[in-house]
Amino acid sequence: MTTREHAEAAMRRMLPGTTRWAVIAAHAAMWSVVPSAIWRTAVGVGIPLGWTQEHLDRERIPGFGTVYVITLSVLSIAAASLTIGLIRPWGERFPRGIPVVGGRRLPIAPIAAVAMIGAVVVAVIVVQSIAHWSSVSGFADRPVSFWSVLMLLCYLPAIAWSPLLAAVTVAYVRRRTAYREAEVASPVVRS
């Protein structure tokens, strides 16, 4: 299967009215956190990636720091993956197994609010990380070494997560609102 065929198959699995750019942006948001998660996990499992023993000790790796960086990696990928729910059917309905509300459409406003709050929180974290990069990176003493540049390249895509999430959220609201307005304009008559 070619790349084009994969893209076309992915578009067929999306909800009606979902724009191609929103699909691309949602997937890009999810993948934007993967390189930094790989970096953190590698360090967490004992691959030093240029960090000095002193820095590893300060970060408590191995030990609590290992649990922290691996948990952070898993949670960041899980949170970024929720962006896909803004373009896929599973993000629009309560699971059928939930009593009373199972199978019903999720309300637009709370979903959009949580997504936008997430985008703002991620933006704040990114800005804080950039502002304190020399102390966060572990390479303050050698900012242009191979390892520091590699780490920067791994973390750079994460900068895109917040604006991509915000853009996909706006597309979600527009699509869902248009769908709701169309539903109200032409109600289905049930017998």
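Within the set of pairs 6 or more residues apart or between chains, which connect a residue that is touching a residue at least 12 places away in the same chain (Cβ under 8 Å) inside the range 64-85 to a residue that is open to solvent by less than 60 Å² (accessible area, probe 1.4 Å) and not in a helix (DSSP H, G or I) with Cβ atoms less than 6 Å apart?
S76/V33; I77/V33; A80/V33
Can you tell me which condition R88 does not meet? The list is (1) surrounded by fewer than 17 Cβ atoms within 10 Å (Cβ to Cβ); (2) free of Cβ contacts under 8 Å to residues at least 40 places away in the same chain; (3) farther than 16 Å from W161 by Cβ, and all the others hold.
Failed condition: (2).
Taking T177 as the residue in question, decide whether it is at pLDDT below 90, open to solvent by less than 40 Å² (accessible area, probe 1.4 Å) and among the hydroxyl-bearing types (S, T, Y).
yes
Of the residues A25, A10, A42, A78, which is at pLDDT below 80 and assigned to a helix (DSSP H, G or I)?
Every option except A10 fails the conditions.
The values are calculated or read from the model by the stated rules, or taken from the named source; none is laboratory data. What you see is a predicted model, and the numbers here were worked out from it, not measured in a lab. Don't worry about glycine lacking a Cβ; one is built from the backbone with ideal geometry, like all the others, and counts go over all protein chains shown. We work out accessible area using only protein heavy atoms, side chains counted, and drop any ligands, DNA or RNA first. Shrake-Rupley method; radii C 1.70, N 1.55, O 1.52, S 1.80 Å.
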